[in-house]
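Chemist: The following block contains the structure, expressed as structure tokens.
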Amino acid sequence: MRSIFIAVLILVCTGCARQIETVTIPSAGQQAVAMPDTFSADAAMAVLAEGGNAVDAAITAQFVLAVTYPEAGNIGGGGFMTLSINGQADFLDYREMAPGAAHRDMYLDEQGHVHPYESLFGAKASGVPGTVAGMWEAHQKYGSLPWSRLVQPAVDLAEQGFVVPEHLAGRISRYLARVQKQGLFSNFGDYFAHATANSVFSQPELAETLKRIRDQGRNGFYDGETARIISSYMQQNGGLITAQDLASYEAKWRTPITHTWRGYTVITAPPPSSGGVAVVQWLGMMEPWLESLPEHNSSQYIHLLSEVGKRVFADRAEYLGDPDFVEVPVQALTEPAYLAKRSSEVNPDAISVTEDIAPGLYESEDTTHFSIVDRWGNAVANTTTINLSFGAGVVVSGAGFLLNDEMDDFSAKAGVPNFFGAIGGTANEIQPFKRMLSSMTPTIVLKGRDVALVTGSPGGTTIISSVTQSVLNTLVYDMTAQAAADAPRVHHQLWPKDTIRHHSGLDASTLEELERLGYTLDNRSFGDLHLITATVDGMDAASQSSGRGKAIVNPAQ
Ligand code: GLY
């Protein structure tokens, strides 16, 4: 180990019980993780310290989160992984897909109205999970340590249990109360009600499922015992996923969006994510306005972000969907000339009329994210989801894992908003075997061949805003990783009209000025950034202080 210099900085965040550890080493060969919880951070760092690469660490983190971060970590959901391996960009799509029996109008009642819960709750809300296939594919292509070694930490945590953090216990009890209040059937309480703060919580059924995955790889989920349990659970509970749907699921390697911006290379998520196109559009349309460097989080800056955001979300609603089913004009939507033209339509002093913002071309939220850099400078940005907190709210009995409610990310009916208020058209309508549009935006920014930033966040459509502002905060406003993760952010997604959602912490005078301009302010926090940046002193990593994340930078090896 080439350990040269270690400085340990413990930042104790006020108002929360969590500690962020940052260890900075001014030399190459450092390893860094920024994770949504301590269990995943420690397990991923142990893999890196043992000589594993960033992909090995990501596989371990993903399975650990399925145990210790049940509100979003998963084997019953899906996600996206953006990679920079030996300087080569790559992208893995392990998004869920609609079951073969799904159809366009499956969530409409006889009057043609969208049923309020069916796409969000229960077995019918689930797409075919992609996570295990995704991790298996990642391992086949890039893994260096044995698969069983990488899955084992999750098996141990499920079998022996872990001490439940207060943050998780609070989320579980609030979720239980909500399910009970709404009178929705769920077996969630049978599995999670005893996960109280500081108790040791074990998950024996999940441990057995993870052992099958550990021993049989992909087949331990999509074939044999686990597949049999899932398909019979579906049959008994009104779900659509069959054994054939599971057997035919494939994670897909896709070409990431790679975009040059202010001397950096932004590598980000292509469709079926809307997020990569959106972040590139947002950064591109902001670029002319950054020349005068508006004061960070001033009313002028927030107004510009909002005006650009409206245009980004107008395009999202019209053009984005699964590229295996619809033509998505990625190139045209991210063309510098197109972005410059859209940007020039922004009035820096007044709000544009929402109804006039047409698509421009040719005329508890949840989810979770982690970022990793290994000693060789390889980077992984991974965002994974079961959609809302605790997904569909039901556990596959006998297999012990929560199902996703990702079908709500389709547009159940053109023009009707989904849970996140996102409106979609025909490009994102339900079809058998199609992947629902996502906002997940795991993103890596390179300077030359070196990692400058690895970033991502949960939060449905707000992911796009969180990721965009993390890029601006670090690479334009020169913030440290922690400052960038914690700086108050804003979100504007065209609808609701003239509404800016924002974190607490903006100046009162800024808020007053925004209201004077005509904005309605919606003070609800969003996102949970986990990012790694490169500084002249070495890697700098941070997790947003409001969550239960942990970031670690280890010495050069
Ligand atoms: N389920 C949230 C997303 O994929 O955007």
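Chemist: Quickly run through region 26-66 and pick out the residues that are of a type in the set (Gly, Ala, Ser), surrounded by fewer than 24 Cβ atoms within 10 Å (Cβ to Cβ) and not in a loop (DSSP other than H, G, I, E, B).
Modeler: 46, 49
Chemist: Right, another one. Within region 432-458, take every residue that is part of a strand (DSSP E or B) and within 16 Å of the ligand (Cβ to nearest atom) and give me the one that is farthest from residue 107 (Cα to Cα).
Modeler: 455
Chemist: Let me ask you something else. Name, by its number, the condition in (1) away from the ligand (no atom under 16 Å from the Cβ); (2) in contact with a helix residue (DSSP H, G or I) (Cβ under 7 Å, 6 or more places away or on another chain); (3) β-branched (Val, Ile, Thr) that does not hold for residue 312.
Modeler: Checking residue 312 against (1) away from the ligand (no atom under 16 Å from the Cβ); (2) in contact with a helix residue (DSSP H, G or I) (Cβ under 7 Å, 6 or more places away or on another chain); (3) β-branched (Val, Ile, Thr), the one that fails is (1).
Chemist: In contact with a strand residue (DSSP E or B) (Cβ under 7 Å, 6 or more places away or on another chain) and at positive phi: which single residue out of 498, 537 fits that description?
Modeler: That would be 498, the only listed residue that is in contact with a strand residue (DSSP E or B) (Cβ under 7 Å, 6 or more places away or on another chain) and at positive phi.
Chemist: Tell me, please, whether a residue that is aliphatic (A, V, I, L, M) and not in a strand (DSSP E or B) can be found in region 503-510.
Modeler: So far as region 503-510 goes, yes, one or more of its residues are aliphatic (A, V, I, L, M) and not in a strand (DSSP E or B).
Chemist: Right, here's the next one. Name every residue in region 386-408 that is surrounded by fewer than 24 Cβ atoms within 10 Å (Cβ to Cβ) and within 15 Å of the ligand (Cβ to nearest atom), in order of residue number.
Modeler: Correct list: 389 only.
Chemist: OK, next. Which count do you get for residues in region 296-309 that are of a type in the set (S, T, N, Q) and either out of contact with any helix residue (DSSP H, G or I) (no Cβ under 8 Å at 6 or more places or on another chain) or closer than 15 Å to residue 357 by Cα (or both)?
Modeler: Of the residues in that region, 2 qualify.
Chemist: Residues that are within 23 Å of residue 503 (Cα to Cα) and in contact with an Asp or Glu (Cβ under 7 Å, 6 or more places away or on another chain): does region 297-307 have at least one?
Modeler: Yes, region 297-307 contains a residue that is within 23 Å of residue 503 (Cα to Cα) and in contact with an Asp or Glu (Cβ under 7 Å, 6 or more places away or on another chain).
Chemist: Further question: Please verify whether region 89-102 includes one or more residues that are away from the ligand (no atom under 16 Å from the Cβ) and more than 23 Å from residue 385 (Cβ to Cβ).
Modeler: Within region 89-102, not a single residue is away from the ligand (no atom under 16 Å from the Cβ) and more than 23 Å from residue 385 (Cβ to Cβ).
Chemist: Additional query: Being away from the ligand (no atom under 16 Å from the Cβ) and at pLDDT 95 or above is the filter; apply it to region 76-87 and report the residue that is farthest from residue 405 (Cα to Cα).
Modeler: It comes out as 85.
Chemist: For region 260-268, check the following and say yes or no: at least one residue is touching a Pro at 6+ places or on another chain (Cβ under 9 Å) and farther than 30 Å from residue 494 by Cα.
Modeler: no
Chemist: If you check 505, 549, 527, 518, which single one turns out to be buried (at least 20 other Cβ atoms within 10 Å of the Cβ), at positive phi and of a type outside the set (Phe, Trp, Tyr)?
Modeler: Answer to the selection: 527.
Each row is one residue, and each column tells you yes or no for (1) within 16 Å of residue 484 (Cβ to Cβ); (2) aliphatic (A, V, I, L, M).
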| site | (1), (2) |
| --- | --- |
| 503 | yes, no |
| 510 | no, no |
| 519 | no, no |
| 523 | no, no |
| 531 | yes, yes |
| 542 | yes, yes |
| 546 | yes, no |
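Chemist: Does region 409-429 include one or more residues that are more than 15 Å from the ligand (Cβ to nearest atom) and modelled with pLDDT of 95 or more?
Modeler: No, because not a single residue in region 409-429 is more than 15 Å from the ligand (Cβ to nearest atom) and modelled with pLDDT of 95 or more.
One line per residue, one yes/no per condition, for (1) basic (Lys, Arg); (2) modelled with pLDDT of 95 or more; (3) under 30 Å from residue 252 (Cβ atoms); (4) touching a His at 6+ places or on another chain (Cβ under 6 Å):
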| position | (1), (2), (3), (4) |
| --- | --- |
| 109 | no, no, no, yes |
| 115 | no, no, no, no |
| 118 | no, no, yes, no |
| 124 | yes, yes, yes, no |
| 131 | no, yes, yes, no |
| 143 | no, yes, yes, no |
| 151 | no, yes, yes, no |
| 178 | yes, no, no, no |
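Chemist: What are the pairs, 6+ residues apart or on separate chains, where a residue within region 256-282 that is over 13 Å from residue 475 (Cβ atoms) has its Cβ under 6 Å from a residue that is assigned to a helix (DSSP H, G or I) and not β-branched (Val, Ile, Thr)?
Modeler: As it stands, the answer is 257/276; 268/276; 269/275; 269/276; 270/276; 274/316; 277/333; 278/316, since those pairs meet every condition given.
Here's the yes/no breakdown for (1) part of a loop (DSSP other than H, G, I, E, B); (2) within 16 Å of the ligand (Cβ to nearest atom):
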site	(1), (2)
333	no, no
338	no, no
342	no, no
346	yes, no
350	yes, no
358	yes, no
372	no, no
377	yes, no
384	no, yes
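Chemist: Same structure again: Is it true that residue 201 is closer than 21 Å to residue 65 by Cβ, surrounded by 15 or more Cβ atoms within 10 Å (Cβ to Cβ), modelled with pLDDT of 95 or more and out of contact with any helix residue (DSSP H, G or I) (no Cβ under 8 Å at 6 or more places or on another chain)?
Modeler: The answer is yes for residue 201.
Chemist: Condition first: over 17 Å from the mean Cα position of the chain (by Cα) and either within 16 Å of the ligand (Cβ to nearest atom) or of a type in the set (D, E, K, R) (or both). Now tell me which residues in region 252-275 satisfy that.
Modeler: 252, 254, 262 - these are the residues of region 252-275 that are over 17 Å from the mean Cα position of the chain (by Cα) and either within 16 Å of the ligand (Cβ to nearest atom) or of a type in the set (D, E, K, R) (or both).
Chemist: Could you check how many residues of region 397-431 are of a type in the set (A, V, I, L, M, F, W, C) and not in a loop (DSSP other than H, G, I, E, B)?
Modeler: Adding up the residues that qualify gives 3.
Chemist: Now, a different point. When you go through (1) of a type in the set (Gly, Ala, Ser); (2) buried (at least 24 other Cβ atoms within 10 Å of the Cβ); (3) over 17 Å from residue 317 (Cβ atoms) one by one for residue 411, which number turns out not to apply?
Modeler: (3)
Chemist: Filter region 67-95 for residues that are crowded, with 24+ Cβ neighbours inside 10 Å, more than 27 Å from residue 169 (Cβ to Cβ) and among the small types (Gly, Ala, Ser) and give the result.
Modeler: Listed by number, the list holds a single entry, 84.
The values are calculated or read from the model by the stated rules, or taken from the named source; none is laboratory data. Since the model is a prediction, treat every value here as computed from it, not as a measurement. FYI the Cβ positions are ideal-geometry reconstructions off the backbone, even for glycines, and counts take in every protein chain you see.
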